[in-house]
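Report on the following structure.
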Amino acid sequence: MTNKLHSTYRILDASANRACEGIRTTEEYARFVLDDSQLATDAKAIRHGITAALSRLPPGALLQARDTRADVGTTIQLPSEYDRQTTNDVLAAAAARVQQSLRVLEEYGKTIDAQLGQQFESLRYQSYSLMQNVLLQSHCHQRVSRINEARLYLLIECQSDEASTAKQIEQLAESGVDVFQLRDKQATDRELYRHATAAAAATERTNTLLIINDRVDIAAATNADGVHLGQDELPVSAARTILGPEKLIGLSTHDTQQVQQAIEQGVSYIGCGPTFPSTTKSFSDFAGTQFLSEAAQLLEKQPVPAFAIGGITENNLTDVLQTGFERIAVSGAISKSDAPNETAKSLSAQLHAVTN
Ligand SMILES: Cc1ncc(COP(=O)(O)OP(=O)(O)O)c(N)n1
Ligand SMILES: Cc1ncsc1CCOP(=O)(O)O
Ligand SMILES: [Mg+2]
C-alpha cells in the first residue's frame, strides 16, 4: 500500500468512527430522552449506511491502517470538549461531529472512488434531516417539560422599550417566574412583534418560557414558545396548523366541560378561572375556587398542566392551593406590587413548598 493510500485509510477509519459515535449518541438521545422510535430507527439506518459504504473498500483495509499510538491527534484536547452541562449540549456536540466527519469521509472518499464520495454525500444529507428532526423534537420536548415543571406564570405588558421588556423578564425569571405571557391589547402589531422578539431572547437566556396572548401570528413569527387562546379566539386545531407540532398552545377554561374539551383538543396547558376579582381585568361571572376543585379532580385522571388565574395574590394563594391546584398565573399581584421581585420570590417559594 502506498503511503498516500495508507494516510487516506487512516483518515477514513478515524472519521467513520467519529461519525458512528456521533450518530450513536444521537440515537440514544432519540431513544431515551425523546422516546421516539422513528428517529432512533433513522439514526440506526445512517450508521448502517456508513458501514455499507465502507464495505466498498478492500476487507480489513481500515483496521490494518489504524495506528492509534502513532496518532498525534489523540492528545489534542480543547476545554470545550469537557463542557457538557445537559443532554442537549451532548446532542449539539454530536450533531457537529457527525456533519464534520461525514464531510471528511465524502471528500477523502472521492479520492478513492467517486461512488464512495457520493454515498457519503447522501449520508451527510440524511444526517442533516435527522439532526433537524431530533433538534426540533428536542425543543418541543424541552417546552413540554418546562410547562410541566412550571409553577409561577406571569402576564406582562410591553414596557417602554424592548430592552426594558427583556430586563423585566430577566429580573423576574431570577425571582422565580417560570413562564411569561406577553399580553398587551394596546400595542400595535409592530410593537408587539418587536417586544415579543426581545422577550423571546430573554426567556431563552433565562431558561423560561414565552407565550404570546391571543396572537398566533406573532407566536409563529418570533421565537416564542407558544400562544395562549381564549374560548372565542382561533380554534386550537387552527392554531396548531399555523404553529406546527413544536410550539405550546394554552387555552382558557371557565367550567369543567371546557376543561374536558381542552384535554380532548390536545392543548399543552390550560388556564382556569377567573378565580377572584381581578385588578387588571373586569368580570361579571367568577368560576371561583369551586371550579378549581372540580377541575383538579378531572385533571387527576387526565393530567394536563393547569394554571389557576384571576385575582390571585399572596393573601389568597392558600385558598387556591387547597383546591389541589399547584400552578398559578398572575398579573396584578406582581406588576402592581411595590416590590415585584420580592412578591415573585414569595409566590414561587409557596408554590414550590407544596410540591417539594
Ligand atoms: C394563563 C392564562 N389563562 C387565561 C387567560 C385569559 O385568556 P382570554 O380568556 O383569552 O382573555 P384575554 O387574556 O385575551 O383577555 C390568559 N390570558 N392566560
Ligand atoms: C387575563 C386574565 N384572565 C383572567 S384574570 C386575567 C388577568 C390577570 O390576572 P390578575 O391580574 O387578576 O392576576
Ligand atoms: Mg384572549
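The values are calculated or read from the model by the stated rules, or taken from the named source; none is laboratory data. The shown structure was predicted, so the numbers you read here are calculated from the model rather than taken from an experiment. Here the Cβ is made from the backbone with ideal geometry for all residues, glycine too, and neighbour counts use every protein chain on show. To get the accessible areas, we keep the full protein, side chains included, count just its heavy atoms, and leave off ligands, DNA and RNA. Shrake-Rupley method; radii C 1.70, N 1.55, O 1.52, S 1.80 Å.
Could you please let me know if Gly288 is touching a residue at least 60 places away in the same chain (Cβ under 8 Å) and touching a Ser or Thr at 6+ places or on another chain (Cβ under 9 Å)? So Gly288 fails the test.
Please verify whether the stretch 309-321 includes one or more residues that are within 23 Å of Glu170 (Cβ to Cβ), at pLDDT 95 or above, more than 16 Å from ligand 3 (Cβ to nearest atom) and under 27 Å from the mean Cα position of the chain (by Cα). No; the residues of the stretch 309-321 include none that is within 23 Å of Glu170 (Cβ to Cβ), at pLDDT 95 or above, more than 16 Å from ligand 3 (Cβ to nearest atom) and under 27 Å from the mean Cα position of the chain (by Cα). Report, ordered by the first and then the second residue, all pairs with beta carbons closer than 8 Å, sequence separation of six or more or different chains, a first member in the stretch 217-240 that is more than 16 Å from ligand 2 (Cβ to nearest atom), and a second member that is among the polar types (S, T, N, Q) and modelled with pLDDT under 95. Close Cβ pairs (under 8 Å, with a partner that is among the polar types (S, T, N, Q) and modelled with pLDDT under 95) do not exist here. Restricting the stretch 278-289 to residues that are more than 16 Å from ligand 3 (Cβ to nearest atom) and touching a helix residue (DSSP H, G or I) at 6+ places or on another chain (Cβ under 8 Å), the residue that is least open to solvent (accessible area, probe 1.4 Å) is Thr289.
Of the residues in the stretch 122-140, none is in a helix (DSSP H, G or I), open to solvent by 40 Å² or more (accessible area, probe 1.4 Å), within 28 Å of Val304 (Cα to Cα) and not assigned by TED's automatic domain parsing to the domain that holds Ser15.
Across the stretch 84-98, the qualifying residues are those that are open to solvent by less than 50 Å² (accessible area, probe 1.4 Å) and modelled with pLDDT of 90 or more, and the one among them that is nearest to Gln132 (Cα to Cα) is Ala95.
Within the stretch 324-339, the set of residues being closer than 13 Å to Leu155 by Cβ and away from ligand 1 (no atom under 16 Å from the Cβ) comprises just one member, Lys336. Do we find that Asp338 is exposed (fewer than 14 other Cβ atoms within 10 Å of the Cβ), assigned to a loop (DSSP other than H, G, I, E, B) and modelled with pLDDT under 95 in this structure? Considered against the rule, which asks whether it is exposed (fewer than 14 other Cβ atoms within 10 Å of the Cβ), assigned to a loop (DSSP other than H, G, I, E, B) and modelled with pLDDT under 95, Asp338 comes out as no. Pairs linking a residue in the stretch 14-36 that is closer than 18 Å to Leu102 by Cβ and charged (D, E, K, R) to a residue that is open to solvent by 10 Å² or more (accessible area, probe 1.4 Å) and assigned to a helix (DSSP H, G or I), with Cβ atoms under 8 Å and 6 or more positions apart or on different chains, are Arg18/Arg97; Arg18/Gln100; Glu21/Arg97; Arg24/Arg47; Glu27/Ala40; Glu27/Lys44; Glu27/Arg47.
Given the options Asp161, Asp113, Asp89, name the one that is acidic (Asp, Glu) and in the same structural domain as Glu204 (by TED's automatic domain parsing). Result: Asp161 is the single residue among Asp161, Asp113, Asp89 that is acidic (Asp, Glu) and in the same structural domain as Glu204 (by TED's automatic domain parsing).
The rows are residues; the columns are (1) open to solvent by 70 Å² or more (accessible area, probe 1.4 Å); (2) β-branched (Val, Ile, Thr).
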site	(1), (2)
Gln297	yes, no
Ala308	no, no
Asp319	yes, no
Gln322	yes, no
Ile328	no, yes
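Ile156 meets the conditions (1) at pLDDT 95 or above; (2) surrounded by 18 or more Cβ atoms within 10 Å (Cβ to Cβ); (3) more than 16 Å from ligand 2 (Cβ to nearest atom) in every case but one. The failed one is (3).
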